[in-house]
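What follows is one structure encoded as structure tokens, with my remarks underneath.
The values are calculated or read from the model by the stated rules, or taken from the named source; none is laboratory data. Worth saying up front: this structure is predicted, and the values here are computed from it rather than measured. Cβ placement follows ideal geometry from the backbone for every residue including glycine, while neighbour counts extend to all protein chains displayed. Calculation scope for accessible area: heavy atoms of the full protein, side chains included, ligands and nucleic acids excluded. Shrake-Rupley method; radii C 1.70, N 1.55, O 1.52, S 1.80 Å.
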Amino acid sequence: MTTNDVPLLSVLIALPLAGSVLVLAMDERRARAVALATALATFLATLAPLFLFREGEPGFQFVEYRPWVGSLGIAWHLGIDGLSLFLLPLTGFLSLAAVLVSWESVGRKVKAYFVSFLVLEAGMLGVFLALDAILFYVFWEAMLIPMFLIIGIWGSDNRRYAAVKFILYTVAGSLFLLVGFIVMAFLAQAQGGAPSFDLTRWTALRVPASHQRWLFACFFVAFAVKVPLFPLHTWLPDAHVEAPTAGSVLLAGVLLKMGVYGILRFCFPLFPEATAFFTPAVMALGIVGVVYGALVAFAQKDLKRLVAYSSVSHMGLIVVGVFCMNLAGLKGGIVQMLNHGLSTGALFILVGALYERKKTRDLDRLGGLAGRTPVLATFFVITMLSSVGLPGLNGFVGEFLLLLGSFRYAWWLGALAATSVVLGALYLLWMTQRVLFETDRSPERSGFGDFSLREKIVMTPIVLAMFFIGLFPAGLTDRLEPAARQIIAVSAPGPAREGPPAADVHILAEGEPHGLQHPRR
Amino acid sequence: MPPESIWILPALPALGALANGLLGAAWRDRTVAAVAVGAVGLALAAALALMAEMLTGADDRIFSVTLWRWLTDGTLRIEAGLVLDRLAMVMVMVVLFVGFLIHLYSVDYMRGDAGYRRFFVCLNLFVFFMLVLVLGDNLVVTFVGWEGVGLCSYLLIGFWYEKTPASDAGRKAFIVNRIGDFGFLLGILLAAVTFGTVHYGELARLLAAGPTVPGDVVAAVALLLFMGAMGKSAQFPLHVWLPDAMEGPMPVSALIHAATMVNAGVYLMCRMAPLLERAPAVLPVIAAVGLLTALYAALSALGQRDIKRVLAYSTVSQIGYMFVALGCGLWAAGMFHLLTHGIFKGLLFLAAGAVIHALDGEQDLSRMGGLVKDLPAVSVTFIAGLLALAGIFPLSGFVSKDAILWGGFEHYGVFFWLAAFGGALATALYSAKLLSAFLGPRRADGRPHRPGPVIVAPLTVLAVFALLAGIPGLPLFTRDTFFARFLGMPAAAPATAASHSLEVALTVLQSMAVLAVLAGAIRIFARARRPADPAVLASGFGIDRLNDWLFVRPLKAVARFFAAVVDARVIDGAVNGLGGLSMALGRLTAGLQTGQLRHYAVSLIAGAFALIALTVFFAGGL
């Protein structure tokens, strides 16, 4: 049986949706188990592309194409390349982790809770799989609703403010995106005869220079909010603080990745001249974010706010790296998306575990946990070191490539970006000291134990992945290198775009989506 | 033993750490200790076997192995590879020999501590990372070990984490090291971008091939790597973490903060010798930083009351001398001082640990005296180490330091020599201060308890080596010592060769002066009333307070300002203000307090539809 017979990618999206329907049909007691089984099955399914992916081959694989609204050029069009390949298992795993960490902490409206998570998972996977702009937009927005509910219903005290702030920020951004999509469809009509929302056709279009800058801006604002790029970040700390643990895990681990993913998928290939034009400004914002996020994180008392601002710093570095538009920077950016998902997701899991035990996230009221909960402390330290970018762990691989890319772009950019090496240690070690070391400052000194088996099961694979990526990154970077090369090739501004596109950018026949030209082996 | 099997050296301590870390919770302390000590002991045995093979083989016998490809970027290829040449062999011997003795010592020294297993896991892990650092065949692998030993240092300084000063000290060590590593990492990147490789062998080949890279770029790489070395090896002004690092248990101070890790900067510079030789402008910088550190730290040591802090500043000072040697291009002399210092300073820390244990945790020198009567075995070994440190003829410290002072004279003239010599005299002064703990009257009540054989045995072995380790540095008054020949790193001749008789005369003068100062100072310090410690020396010339005012406080103030004002008021204020504005425009101001966000939403959605309608209208004309 070839992979073509099984619409693998559609199955990926359908699995969590089917599970959510099943959860609705169950009683509360069985709902958890069904949600867990669904998340596990989906995670295993997201692993399949890792093994079936043909390394070194440019373009999309596992492509599915069914016309949807033919007259408008909208299609059910899915595909995977090196850029999305590793984001799928990340999403699958963190969703599974989200179900597991919610096992005991969620007491009310259990069914609605797990339904929300499974719908969210379907939406997230859809965003990474969609090759049709409208499809992308549907998933993009569909994902917001469950996240809005998760924060707004199962969040803490100030959850309404945070939920509304989250959704307004994101919706405001995505409206610009929709405007951009519609304009692009008309452009496709003007140049190809029929309107099209097909992303693979859009990359072959020549967007007139007069339109590039404002179109780029429309797309970029939507994605920059998600990254979040300084100064569009203030929704993030509020959302994290109010969201339940599982919500924070997926927000930091997966949703933030969609910003950079969108930039790489849309902004770079569609608007190369505008990308080149805006690069200095975006890099400046990225560098400011690196330093600013780190310093603000250093000044926080709430553990979740601290981790939230650390994301602003880390994601700023990723943005700087990918805008260097060289191989090292792009590979580093993609790798670091995965790494940040692992380390920050893990940090939020740990913060949640701490909160369940101490009922506080205040750095002035924690402390001394290394003695009481050595296993939790060990996981905490390893995760912290992954975030610090200690060589041998995953964070260093991404950081090294990002800094190499920045350095190749300009030595002073590399030097500015490398300040994150010191700044990251500043707040992460401070956090560790206040949580694990010194003496216990909390009122709640007893009645809690070390990691349970369930918590160990959640954290162990993450830590193993951190070591594995840190020690053997070539397996990862080799697989995503063709995607990075393709991004560079199609994003080269200037005359290169005027002539025939670069070798691995295929000129598409009328109505034929990209990717189907590769016969399956 | 097949030469490719050098990976076994780091693998053994790693296995020890893993076994104790994952399974050790169920084991008795005795088993935990046996695993940890056994792992390092086996690694030492393997290293000795390799050493024998190296000595019997050809002169340029090098063991190397490439384990796997770590990362590629275009033509840049970074591999996980190890190499054991003679330079690395010296470090491996120091790390495993001193490391083994200190592991052994810790079995007894740490007994009864609640974190017994954690201690040995970290100590094994440290040896693993140190061997990775030493054996790495390229800058990135070395950097992995480099940061790894930094991590272990952080964990072990803060070993007694309930104490806030210990936690603070660990954090300070990590962050100050990271400032150095900022330079190291940029150096790696610059090397990777300019040479297209980070492999030591490739770099040496490229550099030997001729001036393909502009000299100032080579100098920049050298300076950046030196910045990393300054952090790890505690050179002024990045030395501030080492005195505080004494919060850690004594074996940690001996192993990490005296004998091995802090010397990694010296080792790195020797590794990069082909590069430094192509950057002649950098050598005086290294020599100057080394000399300044040597002097500064020797004087600061003089002002300390805490026996561990005296030794810590002394370490900073002695490493300064190693950098002086490197700044003169005397690679072998620098490495030789590293070797002898590793032995006698490791000994001094361990013996001081035995003293502190015997006195129930007393670290104040002013409360120690006449210990030679109570603790004869420990005292004899301590004094042996101390005389070696002071550079008394013919002990190991004399041989290694003499070569450095003479190198300074030859390369940088008489004033440089005078300053370096002044540092040597200050060394004699604080050595006398330390000696006074063993001589003179008793200064504390109670009878000290004598340590057991597991503590005394390592001390004795180290003391014997402290006396004899000068032998490889013979013959005196030549660059062509046994040690230099073993290393195969000949020193370049200085521009103006001074006369041989002058060298002999200076050595005699130095030895006499050091002896005189030592003897005189002992009389002063052994008196019942000792001279008070000058405050300026005690605080290390106030560098910590200066850093606090210059960097720490402004940084914290800026962070608080960003968090409380910029983020909360300016940026978020603008966001909320935008919401308020759209609300006002929509004239939906019915319920200011309650409906704010809902109204904002309504106006936003209305605006969105208007926007989309406009877009479709205009875009239709494309």
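Numbers for the structure displayed
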item	result
The lone exception for residue B:103 - which of (1) crowded, with 22+ Cβ neighbours inside 10 Å; (2) closer than 30 Å to residue B:252 by Cα; (3) in contact with a strand residue (DSSP E or B) (Cβ under 9 Å, 6 or more places away or on another chain); (4) not hydroxyl-bearing (Ser, Thr, Tyr) it fails	(3)
Among residues of the range B:313-342, those that are open to solvent by less than 10 Å² (accessible area, probe 1.4 Å) and under 22 Å from residue B:456 (Cα atoms), counted	3
Among the residues listed as A:320, A:307, A:290, A:282, the single one being over 15 Å from the mean Cα position of the chain (by Cα), within 14 Å of chain B (Cβ to nearest Cβ) and not charged (D, E, K, R)	A:290
Where a residue in the range A:61-90 is open to solvent by less than 10 Å² (accessible area, probe 1.4 Å) and its partner, wherever it lies, is acidic (Asp, Glu), with Cβ under 6 Å and at least six apart	A:75/A:132; A:77/A:132; A:78/A:64
Options A:365, A:361, A:357; residue that is surrounded by fewer than 24 Cβ atoms within 10 Å (Cβ to Cβ), more than 13 Å from every other protein chain (Cβ to nearest Cβ) and touching a strand residue (DSSP E or B) at 6+ places or on another chain (Cβ under 8 Å)	A:361
Meets criteria (within 13 Å of chain A (Cβ to nearest Cβ) and either more than 48 Å from the chain's Cα centre (by Cα) or at pLDDT below 60 (or both)) for residue B:578	yes
Those residues of the range B:210-234 which are closer than 23 Å to residue B:319 by Cβ and open to solvent by 10 Å² or more (accessible area, probe 1.4 Å), in sequence order	B:219, B:223, B:224, B:227, B:230
Answer residue from the range B:52-100, given it is within 14 Å of chain A (Cβ to nearest Cβ) and open to solvent by 30 Å² or more (accessible area, probe 1.4 Å) and is nearest to the chain's Cα centre (by Cα) among those	B:79
Yes/no for residue A:414 being within 11 Å of another protein chain (Cβ to nearest Cβ), modelled with pLDDT of 90 or more and touching a helix residue (DSSP H, G or I) at 6+ places or on another chain (Cβ under 8 Å)	yes
Single condition residue A:402 does not satisfy, out of (1) within 29 Å of residue B:121 (Cβ to Cβ); (2) within 24 Å of the chain's Cα centre (by Cα); (3) within 14 Å of chain B (Cβ to nearest Cβ); (4) open to solvent by less than 10 Å² (accessible area, probe 1.4 Å)	(1)
Test for residue A:183: is it β-branched (Val, Ile, Thr) and either open to solvent by 10 Å² or more (accessible area, probe 1.4 Å) or closer than 30 Å to residue A:92 by Cβ (or both)	no
Yes/no for residue A:453 being open to solvent by 40 Å² or more (accessible area, probe 1.4 Å), over 30 Å from residue A:57 (Cα atoms), more than 8 Å from every other protein chain (Cβ to nearest Cβ) and out of contact with any Leu (no Cβ under 6 Å at 6 or more places or on another chain)	yes
Identity of the residue in the range B:547-568, surrounded by 15 or more Cβ atoms within 10 Å (Cβ to Cβ) and within 7 Å of chain A (Cβ to nearest Cβ), that ends up farthest from the chain's Cα centre (by Cα)	B:567
Residue that is surrounded by 24 or more Cβ atoms within 10 Å (Cβ to Cβ), in the same structural domain as residue B:397 (by TED's automatic domain parsing) and not hydrophobic (A, V, I, L, M, F, W, C), where the choices are B:373, B:345	B:345
Qualifying residue in the range A:154-175 (condition: free of Cβ contacts under 8 Å to residues at least 40 places away in the same chain, assigned to a helix (DSSP H, G or I) and polar (S, T, N, Q))	no
The range A:370-382, residues that are touching a helix residue (DSSP H, G or I) at 6+ places or on another chain (Cβ under 7 Å) and farther than 19 Å from residue A:453 by Cβ	A:370, A:381
Verdict on residue A:284 being aliphatic (A, V, I, L, M) and open to solvent by 10 Å² or more (accessible area, probe 1.4 Å)	yes
Test: residue in the range B:376-398 that is open to solvent by less than 10 Å² (accessible area, probe 1.4 Å), over 30 Å from residue B:508 (Cβ atoms), modelled with pLDDT of 90 or more and of a type in the set (Phe, Trp, Tyr)	no
Verdict on residue A:64 being outside any helix (DSSP H, G or I), farther than 28 Å from residue A:177 by Cα and not aromatic (Phe, Trp, Tyr)	no
Which numbered condition residue A:206 fails, given (1) among the charged types (D, E, K, R); (2) part of a helix (DSSP H, G or I); (3) within 14 Å of chain B (Cβ to nearest Cβ)	(2)
Residue under evaluation residue B:160, criteria (1) open to solvent by 10 Å² or more (accessible area, probe 1.4 Å); (2) part of a helix (DSSP H, G or I); (3) hydrophobic (A, V, I, L, M, F, W, C), criterion not met	(2)
The range B:441-489 - residue that is part of a loop (DSSP other than H, G, I, E, B) and touching a Gly at 6+ places or on another chain (Cβ under 7 Å) and, of those, most open to solvent (accessible area, probe 1.4 Å)	B:442
Residue satisfying all of: in the range B:163-214; aliphatic (A, V, I, L, M) and in contact with a strand residue (DSSP E or B) (Cβ under 8 Å, 6 or more places away or on another chain); farthest from the other protein chains (Cβ to nearest Cβ) among these	B:198
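Yes or no, residue by residue, for (1) out of contact with any Gly (no Cβ under 8 Å at 6 or more places or on another chain); (2) under 22 Å from residue A:123 (Cα atoms):
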position: A:169; (1), (2): yes, yes
position: A:184; (1), (2): yes, no
position: A:198; (1), (2): no, yes
position: A:206; (1), (2): yes, no
position: A:216; (1), (2): yes, no
position: A:220; (1), (2): yes, yes
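Yes/no matrix, rows are residues, columns are (1) within 11 Å of chain B (Cβ to nearest Cβ); (2) in a helix (DSSP H, G or I); (3) crowded, with 24+ Cβ neighbours inside 10 Å:
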{"position": "A:375", "(1), (2), (3)": "yes, yes, no"}
{"position": "A:432", "(1), (2), (3)": "yes, yes, yes"}
{"position": "A:438", "(1), (2), (3)": "yes, no, no"}
{"position": "A:447", "(1), (2), (3)": "no, no, no"}
{"position": "A:457", "(1), (2), (3)": "no, yes, no"}
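So that you can scan it fast, the table gives a plain yes or no per residue for (1) of a type in the set (Gly, Ala, Ser); (2) within 14 Å of chain B (Cβ to nearest Cβ); (3) at negative phi; (4) open to solvent by less than 20 Å² (accessible area, probe 1.4 Å):
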position: A:117; (1), (2), (3), (4): no, no, yes, yes
position: A:122; (1), (2), (3), (4): yes, no, yes, yes
position: A:131; (1), (2), (3), (4): no, no, yes, yes
position: A:136; (1), (2), (3), (4): no, no, yes, yes
position: A:141; (1), (2), (3), (4): no, yes, yes, no
position: A:163; (1), (2), (3), (4): yes, yes, yes, yes
position: A:194; (1), (2), (3), (4): yes, yes, yes, no
position: A:218; (1), (2), (3), (4): no, yes, yes, yes
